[in-house]
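**Student:** Mind having a look at this structure? Questions to follow.
The values are calculated or read from the model by the stated rules, or taken from the named source; none is laboratory data. Quick caveat: nothing in here was measured; it's all calculated off a predicted structure. A quick note on method: Cβ atoms are made from the backbone with ideal geometry, for glycine too, and the neighbour counts reach across all protein chains shown. Keep in mind that these areas ignore ligands, DNA and RNA; they rest on the heavy atoms of the full protein, side chains included. Shrake-Rupley method; radii C 1.70, N 1.55, O 1.52, S 1.80 Å.
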Amino acid sequence: MRYNILVTGGAGYLGSILVPELLKSGHGVIVLDNFMYGQNSLLDCCSNENFDVVRGDAREENSLSPLLKNVDYIIPLAALVGAPLCSRDKIGTITTNKDSIASIARLSSKEQRIIYPCTNSGYGIGHKDIYCTEETPLKPISLYGKAKVEAEKILLDRGNSISLRLATVFGIAPRMRIDLLVNDFTYRAVKDKFVVVFEGHFKRNYIHIRDVARAFIHAINNFDSMKNEPYNVGLSDANLSKLELCSKIKEQLPDFVYIEAPVGEDPDKRDYIVSNEKIEKTGFRPLCSLEMGIKELIKAYRIITNSKYSNV
Ligand SMILES: NC(=O)c1ccc[n+]([C@@H]2O[C@H](COP(=O)([O-])OP(=O)(O)OC[C@H]3O[C@@H](n4cnc5c(N)ncnc54)[C@H](O)[C@@H]3O)[C@@H](O)[C@H]2O)c1
């Protein structure tokens with residue numbers, strides 16, 4: 001089946017991989033994005049007849065309403081992403097991450113299908129050795145996590161929606177983010193050759209960006225049997241502490257040195273292990289391991305560098 005799909009925030013990190021994959025699958029895609037990072041991530045899509053793009057604010061109903069008219073699916077990616085950015089712009093967070101989702105729920109028809117990217121950081125601080133499932137109560141600790149979880153509830157209450165609770169994403173994309181844990185530690189390992197780790201035993205779950213795109217396409221292809229439920233999406237063999245992640249990076253970069261800080265703490269208190277069994281039971285299998293992602297990042301960081309104010 002060929003569908004028309006609206007992707008808000010489609011020029012972002014996830015969108016810049018997902019949108020070309022949706023086009024490759026034969027779907028028509030229209031992106032609404034305010035290009036707040038000056039990104040040029042979707043230029044490669046512009047020659048595709050099935051692609052269109054609008055520069056605008058997903059919070060403005062005047063921008064949103066006309067785009068909702070002729071689409072079968074809505075994938076609302078537009079958000080202020082990550083706890084540090086959200087604590088810097090609290091009003092922007094509520095209006096973008098929650099209110100604009102409520103507008104989509106209200107302005108769309110009940111027949112239109114929504115696939116939403118939630119975050120598994122909604123699990124907050126987990127219990128040692130107990131896997132968080134979709135039944136585990138959500139206790140987000142940051143404003144980012146709270147707004148994402150509230151938006152998920154709005155959509156699941158609306159119905160005809162699927163929520164993908166994504167693990168921390170890693171891997172390279174045309175709109176790159178090096179503030180995500182695996183991407184960040186690998187960047188430091190390549191460029192600085194050392195990391196000082198705070199709260200090294202805190203565990204997180206991870207997923208490659210191309211597997212995230214596959215998960216969205218899997219949800220489109222299996223919508224009726226998956227709808228009205230949340231699904232954790234992560235690598236089941238990668239519930240790793242920060243120190244274990246460092247040792248995985250060191251396997252590929254033997255000169256990398258990491259130490260756990262004897263004093264100080266990380267403001268990010270997320271610590272949980274996650275079960276991804278529910279989506280696996282629907283037939284979804286990630287294809288990219290953490291090792292593959294680290295290898296890809298090491299290559300890409302020979303190209304990318306953050307040296308605007310340095311001679312080297
Ligand atoms: N990357 C992850 O690890 C991860 C994990 C779980 C969930 N998510 C969710 O996935 C989605 C995409 O995240 P990302 O990592 O691609 O982040 P990103 O910051 O790269 O992408 C966000 C996009 O939204 C756009 N945007 C922001 N405000 C907008 C507005 N008002 N109107 C229109 N466009 C706007 C930005 O320009 C950007 O293109 C977000 O909803 C995020 O919460 C991401």
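**Student:** Answer yes or no as to whether Ala213 is open to solvent by less than 60 Å² (accessible area, probe 1.4 Å), modelled with pLDDT of 95 or more, more than 14 Å from Phe170 (Cα to Cα) and not in a strand (DSSP E or B).
**Tutor:** no
Residue by residue, here is whether (1) touching a residue at least 40 places away in the same chain (Cβ under 8 Å); (2) open to solvent by 10 Å² or more (accessible area, probe 1.4 Å); (3) not in a helix (DSSP H, G or I) holds:
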residue: Val81; (1), (2), (3): yes, yes, yes
residue: Ile91; (1), (2), (3): no, yes, no
residue: Ile104; (1), (2), (3): yes, no, no
residue: Glu111; (1), (2), (3): yes, yes, yes
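**Student:** Something else now. Restricting to the stretch 59-77, give me the number of residues that are within 22 Å of Val212 (Cα to Cα) and either open to solvent by less than 50 Å² (accessible area, probe 1.4 Å) or outside any loop (DSSP other than H, G, I, E, B) (or both).
**Tutor:** 6
**Student:** How about the stretch 1-53: which of its residues are assigned to a loop (DSSP other than H, G, I, E, B), surrounded by 15 or more Cβ atoms within 10 Å (Cβ to Cβ) and within 14 Å of the ligand (Cβ to nearest atom)?
**Tutor:** Passing the criteria: Gly9, Gly10, Ala11, Gly12, Tyr13, Leu14, Asn34, Phe35, Gln39, Ser41, Leu42.
Conditions (1) in a helix (DSSP H, G or I); (2) under 19 Å from the mean Cα position of the chain (by Cα); (3) without any contact (Cβ under 8 Å) to a residue 12 or more places away in the chain, marked per residue:
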{"residue": "Glu199", "(1), (2), (3)": "no, no, no"}
{"residue": "Ile220", "(1), (2), (3)": "yes, yes, no"}
{"residue": "Asn228", "(1), (2), (3)": "no, no, no"}
{"residue": "Cys246", "(1), (2), (3)": "yes, no, no"}
{"residue": "Glu251", "(1), (2), (3)": "yes, no, no"}
{"residue": "Arg285", "(1), (2), (3)": "no, yes, yes"}
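**Student:** Might you let me know whether the stretch 295-308 holds any residue that is aliphatic (A, V, I, L, M), open to solvent by 50 Å² or more (accessible area, probe 1.4 Å), free of Cβ contacts under 8 Å to residues at least 40 places away in the same chain and out of contact with any Asp or Glu (no Cβ under 7 Å at 6 or more places or on another chain)?
**Tutor:** yes
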